[in-house]
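Student: Can you read through this structure? Questions will come right after.
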Amino acid sequence: MRTHTCGSLRKDDDGKSVILCGFVHKRRDHGGLVFIDLRDRYGITQIVFDPEKGSQAHEVAHKLRSEFVIKVSGNVVARPDNMLNKNLDTGDIEIYATELEIFSESQTTPFEIDADNLVNEELRLKHRYLDLRREKMKSNIITRHKVIKYMRDFLDSQDFLEIETPILIKGTPEGSREYIVPSRVYPGNFYVLPQSPQQLKQLLMVAGMDKYFQIARCFRDEDQRGDRQPEFTQLDMELSFVSQEDIIKINSDLLFDILTKFRPDLSIKDNQVFTLTYDEAMNRFGSDKPDLRFDLEFKDASSIFQNTSFNAFAGALKSGGVLKVMKVAGAAEKFSRKDISELESVAKIYKAKGLAYISKKDGELNSPILKFLSDLEVESLLKLTEFNEGDIMFFACDTFDIACNSLGHVRNAVAKKLNLIDESVCSIGWVTDFPMFEVNDDGSMQACHHPFTSPKKEDLEFIDTDIFRVRTNSYDLVMNGYEIAGGSVRIHERDLQAKVFDLLGISKEDAKERFGHILTAFSYGVPPHAGIAWGLDRLIMILCNEPNIREVIAFPKDQKAKDVMLGAPSKMPIDTLEELSITIDTE
Ligand code: ASP
């Protein structure tokens, strides 16, 4: 239908007769002359309707309104040098229309397509097809396409095979609730939507595929949080005959390349990829995905207070807890009482009982807890933290997990408040050696990563005696405080895999019923293998500088897991349910 797009014409095209199609972006009707900005995916071109140059077109042009879809035939005219529009790529020319056809009219849209920031997200999601017409959203979708294409090309050049795995499967337990799909043919039986293609990609290694990847859709029926969606996309990989270092190398290279290509404005912190074990990351930064764009770090003061008479510390330390302290140099003046109580609320969200602090102003130490501490304790603390005039330090004393985690969140809040984050820098690195098991809130035990993760050889001896001491060959790729990707070296020994199921409290019968396929496959020759999965939505969110992943997904669910455009989830007709042997208890 068209000879050119709305983004393609330049000065050199002067005099050409062209046909463009698109949406009316803006219209200025001066009676005599009508101007429109015509928009398509590629750009915007100014069209002039002049009765002298095309009387039919000019007449119809009076009817045009925003977002009408039209076809315009006309001639390219170079604009005089003093009339160039520097804001448009096509700003050196305009089209004098000779013919105009209106394909489709548009009602007034519920929000302006031209607006930069729209606040009503519900309205945007309801009319997502209009929202996607906006420049920012369009550019996010294009970036998403380009990043995925870049990944495909990168992996293809390294001999990976892209292999699809099924969506209707049997559960692959990775710790989240699964979406289930009733089977019509087998009443009372269900498929499960994959949380990830975990078991299938391992079976591809058993199949000898050697290097697999997939842009994989995953489904997790979890309560929604800021950057979560019930369905999301992973770049999923699995490789045979590789070590943890191999996986780390390939994926660091891929991330480096992506950042160089898509965010050349960002410099990589210290021009290197950091590596921390899980223990180091928690001990020093209070997070398994620490944001290292800023330097705040903890010290462990547990030993100083072993025999303290200050009850708030003594109790936690006696029962095996820790005392972590974070000094913020030169910031004593910057925290008002209100600021400190806000930080305390942050700590409390993460289960801390409070947030103690000590500051030093005009040579005086200030703190509500000072009177409970001995001189020796205070002195040792000042020495440990190298405390100076104008400094402030915050404490967390609790179980290891609560103390580190709550102070870790305080660390982030302090960085935000003091503007310590340099947005032009990107910190990337790996956190490794996660524990094998963790305890759920209900006291049950679950695999930290998933049950297919291999224990570290040197920790195998504790597997029957001190299970929480066992660490795994696992690794997360971390960027600016986000987990971008995570994976592990897998168990490839049948007996060890069966043992892990057993440790997780899965009976032999259950293991056979739920994982029989893996255990059977593992009796036919299994290459040592390892893999990883990237949270693609989150990566693209960061690359596009967006605050949440909905901004980089064409048709996302809202924060309550609803598709407000389609109206899903929705009720089903009774006879459809009957066919599936489902009855709904409406009481
Ligand atoms: N399947 C894992 C996940 O979704 C990633 C992996 O271990 O490869 O987190």
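Just so you know, all these numbers are worked out from the coordinates, no wet-lab data involved. Everything numeric here is computed off the predicted structure, so don't read it as measured data. Positions of Cβ are generated from backbone atoms using ideal geometry, with glycine treated the same way; all protein chains shown enter the neighbour counts.
Student: Say we look at region 438-455 and pick out the residues that are away from the ligand (no atom under 16 Å from the Cβ) and touching a strand residue (DSSP E or B) at 6+ places or on another chain (Cβ under 7 Å); which of these is nearest to Ala498 (Cα to Cα)? Even if it seems obvious, please write down each step before you answer.
Tutor: Here is the first cut: in region 438-455, the ones away from the ligand (no atom under 16 Å from the Cβ) are 439-445.
Checking which are touching a strand residue (DSSP E or B) at 6+ places or on another chain (Cβ under 7 Å) leaves us with 439-440, 445.
Values: Val439: 20, Asn440: 22, Met445: 16 Å.
Looking at the filtered set, the residue picked out is Met445.
Student: Considering each of Phe262, Phe274, Phe285, Phe219 in turn, give the residue that is within 16 Å of the ligand (Cβ to nearest atom) and touching a Phe, Trp or Tyr at 6+ places or on another chain (Cβ under 9 Å).
Tutor: On the way: Phe262 fails: within 16 Å of the ligand (Cβ to nearest atom); Phe274 fails: within 16 Å of the ligand (Cβ to nearest atom); Phe285 fails: within 16 Å of the ligand (Cβ to nearest atom).
The match here is Phe219.
Student: Here is a follow-up. For region 73-123, enumerate the residues that are more than 25 Å from Arg2 (Cα to Cα) and touching a residue at least 40 places away in the same chain (Cβ under 8 Å).
Tutor: Selection gives Thr108, Thr109, Glu121, Glu122.
Student: Is it the case that region 573-584 has a residue that's within 21 Å of Ile180 (Cβ to Cβ), outside any helix (DSSP H, G or I), within 30 Å of the chain's Cα centre (by Cα) and in contact (Cβ under 8 Å) with a residue 40 or more places away in the chain?
Tutor: There is no residue in region 573-584 that is within 21 Å of Ile180 (Cβ to Cβ), outside any helix (DSSP H, G or I), within 30 Å of the chain's Cα centre (by Cα) and in contact (Cβ under 8 Å) with a residue 40 or more places away in the chain.
Student: For region 224-251, how many residues meet the condition of being closer than 19 Å to Glu551 by Cα and either of a type outside the set (Asp, Glu) or within 14 Å of the ligand (Cβ to nearest atom) (or both)? First the steps, then the outcome.
Tutor: To start, the set of residues in region 224-251 that are closer than 19 Å to Glu551 by Cα comprises 224-235.
Filter once more, so that each one left must be either of a type outside the set (Asp, Glu) or within 14 Å of the ligand (Cβ to nearest atom) (or both): 224-226, 228-235.
Result for region 224-251: 11.
Student: In region 548-587, how many are surrounded by 10 or more Cβ atoms within 10 Å (Cβ to Cβ) and at negative phi?
Tutor: Adding up the residues that qualify gives 27.
Student: Name every residue in region 544-572 that is in a helix (DSSP H, G or I), of a type in the set (Val, Ile, Thr) and either away from the ligand (no atom under 16 Å from the Cβ) or in contact with a Gly (Cβ under 8 Å, 6 or more places away or on another chain) (or both), in order of residue number.
Tutor: Val552
Student: Check region 516-524 and report whether any residue there is surrounded by 21 or more Cβ atoms within 10 Å (Cβ to Cβ), touching a helix residue (DSSP H, G or I) at 6+ places or on another chain (Cβ under 8 Å) and under 30 Å from Asp495 (Cα atoms). First the steps, then the outcome.
Tutor: Pass one, region 516-524, residues surrounded by 21 or more Cβ atoms within 10 Å (Cβ to Cβ): 518, 522.
Next, only the ones that are touching a helix residue (DSSP H, G or I) at 6+ places or on another chain (Cβ under 8 Å) stay: 518, 522.
Now drop any that are not under 30 Å from Asp495 (Cα atoms), which leaves 518, 522.
Yes, some residue in region 516-524 is surrounded by 21 or more Cβ atoms within 10 Å (Cβ to Cβ), touching a helix residue (DSSP H, G or I) at 6+ places or on another chain (Cβ under 8 Å) and under 30 Å from Asp495 (Cα atoms).
Student: Inside region 155-228, counting only strands (runs of 3 or more DSSP E) that do not spill past its ends, which hold 1 or more residues that are of a type in the set (Phe, Trp, Tyr) and surrounded by 15 or more Cβ atoms within 10 Å (Cβ to Cβ)?
Tutor: Answer list for region 155-228: 190-192, 211-219.
Student: Which condition breaks for Asp362 when tested against (1) surrounded by fewer than 16 Cβ atoms within 10 Å (Cβ to Cβ); (2) touching a strand residue (DSSP E or B) at 6+ places or on another chain (Cβ under 8 Å)?
Tutor: Against the list (1) surrounded by fewer than 16 Cβ atoms within 10 Å (Cβ to Cβ); (2) touching a strand residue (DSSP E or B) at 6+ places or on another chain (Cβ under 8 Å), Asp362 comes up short only on (2).
Student: Now a separate question. If you go through region 123-154, how many residues are over 22 Å from Gly43 (Cβ atoms) and exposed (fewer than 12 other Cβ atoms within 10 Å of the Cβ)?
Tutor: Of the residues in region 123-154, 1 are over 22 Å from Gly43 (Cβ atoms) and exposed (fewer than 12 other Cβ atoms within 10 Å of the Cβ).
Student: Something else now. Among the numbered criteria (1) farther than 17 Å from Pro166 by Cα; (2) away from the ligand (no atom under 15 Å from the Cβ), which one does Tyr191 miss?
Tutor: Among (1) farther than 17 Å from Pro166 by Cα; (2) away from the ligand (no atom under 15 Å from the Cβ), the lone unmet condition for Tyr191 is (1).
Student: Checking Trp430 against (1) assigned to a loop (DSSP other than H, G, I, E, B); (2) touching a strand residue (DSSP E or B) at 6+ places or on another chain (Cβ under 7 Å); (3) within 16 Å of the ligand (Cβ to nearest atom), which test does it fail?
Tutor: Unmet condition: (1).
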